[in-house]
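Below: the structure, in structure tokens.
The values are calculated or read from the model by the stated rules, or taken from the named source; none is laboratory data. Here the structure is a predicted model, which means the values were calculated and not measured. Virtual Cβ from ideal backbone geometry, glycine too; neighbours counted across all protein chains shown. Side chains included, ligands, DNA and RNA excluded: accessible areas come from the protein's heavy atoms. Shrake-Rupley method; radii C 1.70, N 1.55, O 1.52, S 1.80 Å.
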Amino acid sequence: MSMEVVLALSPFPRFCLPNTNLKTTLSSSNSQVLLWRSPLMNVQLNHYHSRKRRGCINGGGASRRSLWPQFSNSYDRCNLKLGKCISRLREFMNSSEKMRKHVSSTLFTRLVVSVLMVSFAVSNSPSWALSEENLLFLEAWRTIDRAYVDKTFNGQSWFRYRENALRNEPMNTREETYTAIRKMLATLDDPFTRFLEPEKFKSLRSGTKSAVTGVGLSIGYPTGSDGSPAGLVVISAAPGGPANKAGIVSGDIILAINDTGTESMGIYEAADRLQGPEGSSVELTIRSGQEIKHLALTREKVSLNPVKSRLCVIPGSGKDSPRIGYIKLTTFNQNASGAIREAINTLRSNNVNAFVLDLRDNSGGLFPEGIEIAKIWLDKGVIVYICDSRGVRDIYDTDGSSAIAASEPLAVLVNKGTASASEILAGALKDNKRAVLFGEPTFGKGKIQSVFQLSDGSGLAVTVARYETPDHTDIDKVGVIPDHPLPRSFPKDEEGFCGCLQDPASTFYVNRGQLFAR
């Protein structure tokens, strides 16, 4: 699947309440709370994200529960008759000459109306406590509130949605709560932000490790605006995996999985259907160009060893023959940066004097691994800008302390199957003038997801940011544009690539000078 993942255990989100002169004591803190606005005790909280503001309540304790019952409880202690409430309010206002000068009759009228509303609600509404299911829903809501990249939340009031959902959505069982969370996320209209049941959350985390059982496909949504066929697009097929051996290639469209059409199927549902027990079978209907294929694939444990390397010796004069180190990186799992370092050191021991990094059909993976691999090749410079709706919020750069191959000539190969973390790496190497890019425009996924675990073992994958290359290029749905094209059928394996450098008679022959020239 095509997504950028930052694994993270979610601390409970922080509520930040602004300073105010109207104080209400919460059950576990003296933090300041503000005004009400609904005759049904519908408390509206001003929610600020800046950690620099005063009066922040950390996650857990009081902040894990709804503030409305606590607010109500604080008024239970002074559940006065209406006349007594108004009398005390008049005494308070008459006690201060300064207040009498600055508070208008209009404000007084509004305060009286507010007290009427509160008194009515306190005396007529039954007391209630949030259930465990309500708390899980609120935990998911707060995670989105804190982390989601679009602070307009697709043009809706996120607070109002929470209030309406707690009133109207059934949450009597865990499955009903999961349904309410999914319904909430659907309002964001973001296919990459989704809910993960406990087993799916566990599966996603295992997918960033060393192996997965399936057919070896990375899939995404078609990005073309020219009437692309319905279905899911193949970003890449893992070398040696069942899909690769069946002839499935980047750009093919998956029309059906086991006779279930993919027109409205999400990539994560599709991924679940493609994975399964080792040795079991799955049937795919594939559109490859104008051809429709019906394929039966047997699931295997697909190794995610991310790196293959080879020494390519170019014909020349003895010991002075050019020696190029070819490195193919297939995914950004937790082993990727270490495997790249190992490959570089091995090739260095064979006296290479240039490198080729092949990112074709690499659909991404762990964002931190992409950053670490960029540091290997760069002596200094910005790697990527992380942006939200307000602009740049973070910068990843390097001072060269992690570099081990910052000087040799470097060429990078990309294609439309190069996505996510691969695009971050390719963009960083291109914009810093560290490498020459060959191939075709990359996939164009310029958004980053983080994975947050909820308290019951389920999780949320949340779009937390978009990124820009060091030249402030937003590549979402556009891709990284290479410096030079490659022939359409240019070999994708290490043996074939070396042949293109060694044999001048080859259809795809590229001489060393062309490969590293800007």
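Observations on the model:
- Whichever residue in the stretch 172-190 is closer than 20 Å to G457 by Cβ and of a type in the set (D, E, K, R) and, among such residues, is most open to solvent (accessible area, probe 1.4 Å): E175
- One residue alone among D399, D388, D361 is acidic (D, E) and open to solvent by 40 Å² or more (accessible area, probe 1.4 Å), and that residue is D399.
- Sole exception among (1) farther than 23 Å from G499 by Cα; (2) open to solvent by 10 Å² or more (accessible area, probe 1.4 Å) for N350, by number: (1)
- Scanning the stretch 374-391 for residues that are more than 24 Å from the chain's Cα centre (by Cα), among the aliphatic types (A, V, I, L, M) and in a loop (DSSP other than H, G, I, E, B) turns up at least one hit.
- Residues that are among the aliphatic types (A, V, I, L, M) and open to solvent by less than 70 Å² (accessible area, probe 1.4 Å) were ranked within the stretch 464-503; the one that is farthest from F201 (Cα to Cα) is L501.
- Being open to solvent by 20 Å² or more (accessible area, probe 1.4 Å), among the charged types (D, E, K, R) and at pLDDT 95 or above is a property that E169 has.
- Identity of the residue in the stretch 328-347, open to solvent by 10 Å² or more (accessible area, probe 1.4 Å) and at pLDDT 90 or above, that ends up farthest from the chain's Cα centre (by Cα): T346
- Candidates are the residues of the stretch 149-169 that are within 20 Å of E132 (Cβ to Cβ) and either among the hydrophobic types (A, V, I, L, M, F, W, C) or part of a loop (DSSP other than H, G, I, E, B) (or both); the one that is nearest to the chain's Cα centre (by Cα) is A165.
- Hits in the stretch 504-518 - residues which are under 25 Å from N244 (Cβ atoms) and open to solvent by 70 Å² or more (accessible area, probe 1.4 Å): T507
- Looking across I424, I475, I481, one residue alone is touching a helix residue (DSSP H, G or I) at 6+ places or on another chain (Cβ under 7 Å), farther than 21 Å from K328 by Cβ and of a type outside the set (G, A, S). It is I475.
- Of the residues contained in the stretch 480-501, none is found to be small (G, A, S), modelled with pLDDT of 80 or more and in a loop (DSSP other than H, G, I, E, B).
- Cβ separations smaller than 6 Å between residues 6+ apart or across chains give the following pairs from the stretch 283-304 residues that are without any contact (Cβ under 8 Å) to a residue 60 or more places away in the chain to residues that are open to solvent by less than 60 Å² (accessible area, probe 1.4 Å) and basic (K, R): I286/K293.
- Among residues of the stretch 245-272 being at pLDDT 90 or above and open to solvent by 20 Å² or more (accessible area, probe 1.4 Å), the one that is farthest from F490 (Cα to Cα) is T260.
- Contact annotation: residue pairs with Cβ atoms under 9 Å, 6 or more positions apart or on different chains, pairing a residue in the stretch 390-401 that is farther than 16 Å from L429 by Cα and among the hydroxyl-bearing types (S, T, Y) with a partner that is open to solvent by less than 80 Å² (accessible area, probe 1.4 Å) and not in a strand (DSSP E or B), are S401/K375.
- Selection within the stretch 439-463 - in a strand (DSSP E or B) and open to solvent by less than 10 Å² (accessible area, probe 1.4 Å): I448, Q449, V451, G459, L460, A461, V462, T463
- Candidates in the stretch 125-166 are the residues that are open to solvent by less than 50 Å² (accessible area, probe 1.4 Å) and among the charged types (D, E, K, R); of these, the one that is nearest to T463 (Cα to Cα) is D150.
- Contacts under 8 angstrom Cβ, first residue in the stretch 250-276 being under 22 Å from R194 (Cβ atoms), partner surrounded by fewer than 18 Cβ atoms within 10 Å (Cβ to Cβ) and of a type in the set (F, W, Y), 6 or more apart: I267/Y221
- Any hit, the stretch 311-321, residues being in contact with a strand residue (DSSP E or B) (Cβ under 9 Å, 6 or more places away or on another chain) and among the charged types (D, E, K, R): no
- G427 vs. criteria small (G, A, S), within 18 Å of I235 (Cβ to Cβ) and open to solvent by less than 10 Å² (accessible area, probe 1.4 Å): yes
- The one condition in (1) surrounded by fewer than 22 Cβ atoms within 10 Å (Cβ to Cβ); (2) over 26 Å from the mean Cα position of the chain (by Cα) that A411 fails to fulfil: (1)
- Complete set of residues in the stretch 399-417 that are under 16 Å from F497 (Cβ atoms) and of a type in the set (S, T, N, Q): N415
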